[in-house]
Amino acid sequence: MFLLIVLLIVCTSVYFALKDKVFQEAKTSNHQTKPENNHNSHLSTEEILNRIILSAKQGEIPSQKKIEVGKTNLKDITEQFGEPTGKDEIANGTYLTYQSQKFAVGYNHNHQIYEVRSYDSNLQKIHYDDIIGQLNKPSKVKYYKDQNVDQIILVYELPNKIELKFILPRPTNENNNPPVDHTSVSIIDELIPNNGTSVDQLLNEMTLQEKIGQMIISGFYGPNYSNSLKELVERYHIGGFIFYNENLTSNSQTVKLVNSIKGSNQTNHLPILFGVDQEGGRVSRLPGNLGHIPTNQQIGKKNNGEFSFEIGQILGEELQAFGLNMDFAPVLDVNSNPKNPVIGDRSFSNNPATVSKLGIQTMKGIQSENIIPVVKHFPGHGDTSVDSHLELPVVNKSYTDLKSLELIPFEDAINQNADAVMIAHILLPKIDPKYPASLSKMVITSMLRNDLKYDGVVMTDDMTMAAIEKNYHLEKAAVTSILAGSDIIMVAHDPNKVKAVYKEIEAAVKNKTISEERINESVKRIILLKQKYKLDNNQVKLTDTQKLVEKTNKLVNQLKN
């Protein structure tokens, strides 16, 4: 009996000892094998996508439920996660990366989190076809390319002004179904810092007169800083200027003129757009021997996207050297009419795919030098036999016709982050029998805004061209264009006409023909564009252009090979 009791005690002790050891090993094993962000590793692709969508609707990513865009602030992040492993300052704000937790956040000047990105390894299970198959066509498609990545961005707009983005390698012939690299959840119209002031605050601080001035790009006489030019800046708060040959005599003169205008603009809320038609070929306004940029037609014959990108870079560098910040280029018109007197060799090709490929690369090259490109002439000036500088061209095409040819390069450019679109002075009677495109709500709002989903800056071509002035009352046409959806009215050459247009717009707001809310829509787009490119009133330094000339000549020599 005694032996049985001893044996029972020993067995019981061994059992509990073994049980405790197994329990401890299980705890250790569970702790070691449970990855930080792989708690959903057993889920199917469909389930992962569903969780991403559900979280995004709450402004969150699945792996970090305590971060909600628009509500969480920087202090919450640092208290919960400590110091980040990386920090990047960009145009829209500041980004912090937490590598071990596999996420990053973007915050604005108020320290509010407006974007959260997930780098969860489970995202690699999701491929391009999975997203399109389950979520259908995205609201927008964007592209991003630098020296390290070439990406496609699928954007889905969700309720409460939230955007969900899937960022993947751009599909290629070798890999047409790439996996997701990371996702992003953000507020669509996040506040963007501008000396500590948000867009809405700026709008509230600006007078109606300042807002109207922002909606005009003005021309002026001569190469000197005159009292008339000073008045346009200080009294009329003009938001941008276009430079022609008569305004440009040399590098030093242009920089001096730009600096004088900037000096007068110090008391205004926003910096100024300084624009020029620097397309290359016969439309090259900048003075001096900068090297000969080939025509777009010549570039089209080479048909090399990388070459076009480098041409865009050269154009951007040229503008920088003169203190300018906006290039009214590239031309995205398809040269489908050989009798066209105004486009011709300014077009890359009579093939819309070629125009799209080369035009977009030129646009990106210009953007890479922090110069704002303006794609033109929407919805397409290539099939005209009349010069809109002299008469009003008529294009007898339906919307379906345009979609199959002229609109292709513009739609592609919009999908690849076009910043600004210039509207042509052409009449399309099958679409709008009364007004040319630049004054047409059917063209600007219905086609460009609603159908092509473009929400960037829209500007007119020069309203003093004969296509408008011979057929319409200039000042009233400016009001009509704003009602149609234009953000910026271009009035070249004559400051007196600029003032008349300004006063007509002001009167239209006061008599409620145009609402101030409509004005605010345009000014907000203009503010966002100026802030994206970090425009300022700082004085420009004179730079030597000799190296730029050498670079241009070296690049152009490639056409001979």
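Of Leu286, Leu324, Leu315, Leu319, all but one fail to be modelled with pLDDT of 95 or more and under 22 Å from Arg525 (Cα atoms); the exception is Leu324. When the range 507-561 is filtered for residues that are of a type in the set (A, V, I, L, M, F, W, C), in a helix (DSSP H, G or I) and in contact with a Leu (Cβ under 8 Å, 6 or more places away or on another chain), the ones remaining, listed by number, are Val509, Ile519, Val523, Ile526, Ile527, Leu548, Val549. Scanning the range 474-486 for residues that are over 15 Å from Met422 (Cα atoms) and either buried (at least 23 other Cβ atoms within 10 Å of the Cβ) or hydrophobic (A, V, I, L, M, F, W, C) (or both) returns Leu474, Ala477, Val479, Leu483.
If a residue must be assigned to a loop (DSSP other than H, G, I, E, B) and loosely packed, with under 13 Cβ neighbours inside 10 Å, how many such residues does the range 86-125 contain? Residues that pass the stated criteria total 3.
On the stretch given as the range 422-473, residues that are surrounded by fewer than 24 Cβ atoms within 10 Å (Cβ to Cβ), more than 28 Å from Phe241 (Cβ to Cβ) and within 24 Å of the chain's Cα centre (by Cα) total 6.
Among the candidates Phe220, Phe166, the residue that is assigned by TED's automatic domain parsing to the domain that holds Ile126, surrounded by 15 or more Cβ atoms within 10 Å (Cβ to Cβ) and more than 17 Å from the chain's Cα centre (by Cα) is uniquely Phe166. Residues in the range 139-162 that are surrounded by 15 or more Cβ atoms within 10 Å (Cβ to Cβ) and out of contact with any Lys or Arg (no Cβ under 9 Å at 6 or more places or on another chain): Val141 only.
Only a single criterion out of (1) polar (S, T, N, Q); (2) more than 30 Å from Gln201 (Cα to Cα); (3) surrounded by 13 or more Cβ atoms within 10 Å (Cβ to Cβ) is not satisfied by Asn177, namely (3). Residues considered: Ser356, Ser336, Ser347. Of these, the only one that is surrounded by fewer than 24 Cβ atoms within 10 Å (Cβ to Cβ), of a type in the set (Gly, Ala, Ser), over 21 Å from Met490 (Cα atoms) and at pLDDT 90 or above is Ser356. Please indicate, with yes or no, whether at least one residue in the range 414-429 is assigned to a loop (DSSP other than H, G, I, E, B), under 24 Å from Leu483 (Cα atoms) and either among the aromatic types (Phe, Trp, Tyr) or free of Cβ contacts under 8 Å to residues at least 40 places away in the same chain (or both). Checking the range 414-429: at least one residue is assigned to a loop (DSSP other than H, G, I, E, B), under 24 Å from Leu483 (Cα atoms) and either among the aromatic types (Phe, Trp, Tyr) or free of Cβ contacts under 8 Å to residues at least 40 places away in the same chain (or both). Residues in the range 239-282 that are more than 23 Å from Leu529 (Cβ to Cβ) and surrounded by fewer than 19 Cβ atoms within 10 Å (Cβ to Cβ): Asn245, Glu246, Thr249, Ser250, Ser252, Gln253, Lys256, Ser260, Gly281, Arg282. For the range 167-179, check the following and say yes or no: at least one residue is among the polar types (S, T, N, Q) and in a strand (DSSP E or B). No, that holds for no residue.
Here Phe220, Phe241 are screened, and the one residue that is under 17 Å from Met490 (Cα atoms), touching a strand residue (DSSP E or B) at 6+ places or on another chain (Cβ under 6 Å) and of a type outside the set (Lys, Arg) is Phe241.
The values are calculated or read from the model by the stated rules, or taken from the named source; none is laboratory data. Please read all numbers here as calculations on a predicted model, not as lab measurements. Because the Cβ atoms are built from the backbone with ideal geometry, glycine has one as well, and the counts that use them run over all protein chains shown.
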